[in-house]
Each structure stands twice: as structure tokens, then as C-alpha cells.
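Reviewing the structure listed below.
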Amino acid sequence: MPSFDIVSTFNIQEVDNAVNITAREVMTRYDLKDQKCTIILNKTDKNIVVEAGNEMALRATTDILQNRSINRKLSIKIYDFLSIE
């Protein structure tokens, strides 16, 4: 019987570009300016940390990240969003 393996990989540089674009957009958006939103990519651990002043700003930042990732031809399935702390 023939078999095959499915391997899913992503380009970490494209993720870095999406994170940088998201960070720039968050700084310029009027509704997120005073919310102290930050987004940091750790390339070695392949983690993205998003910090925001409230839950609305956090959700807006993650929505921007997802949209910018789609624009960079990345699947949003590569992200595993954990619970809000």
C-alpha cells in the first residue's frame, strides 16, 4: 500500500515580516495608540508574544497579525493562540 507524509513548514522570515508590519500598524492606529500594545517574535523558540492594555486591544492586534500573515501568503493555521493571561 502506498503511503505519504504531510509536512507543514513555514518561512520564519515571512512571519517576521508580518510581525514587523503589525507592530508598525499598531503604533499608527488611533484606537490602539494609548493601549501600550507590543508584539515580539522570538525566532529561536518560534513564539510570538502579544501584550496589550486590555482585551479589545489584544484582539485587534491579533486580528491585524492574522490579516498581515494572509497578505504575506502565510496560513493562519500556523498560529496556536493560547488563553489570555
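So here's what we get for this one:
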quantity	calculated
Those residues of segment 30-70 which are more than 12 Å from the chain's Cα centre (by Cα) and either among the hydrophobic types (A, V, I, L, M, F, W, C) or under 25 Å from residue 12 (Cβ atoms) (or both), in sequence order	32, 37, 43, 44, 45, 52, 56, 57
In segment 30-82, residue surrounded by the most Cβ atoms within 10 Å (Cβ to Cβ) [restricted to those that are of a type in the set (D, E, K, R) and over 20 Å from residue 16 (Cβ atoms)]	59
Qualifying position, being at pLDDT 90 or above, farther than 15 Å from residue 74 by Cβ and not acidic (Asp, Glu), among 29, 24	24
Subset of segment 57-70 [touching a helix residue (DSSP H, G or I) at 6+ places or on another chain (Cβ under 8 Å) and free of Cβ contacts under 8 Å to residues at least 40 places away in the same chain]	57, 60, 61, 66, 70
Residues satisfying the stated conditions in segment 10-43, i.e. in contact with a Ser or Thr (Cβ under 8 Å, 6 or more places away or on another chain), of a type outside the set (Val, Ile, Thr) and within 15 Å of residue 58 (Cα to Cα)	23, 32, 37
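The values are calculated or read from the model by the stated rules, or taken from the named source; none is laboratory data. Treat the numbers as computed from the prediction; the structure is a model and nothing was measured. All Cβ positions, even for glycine, are placed from backbone atoms using ideal geometry, and neighbour counts span all protein chains on display.
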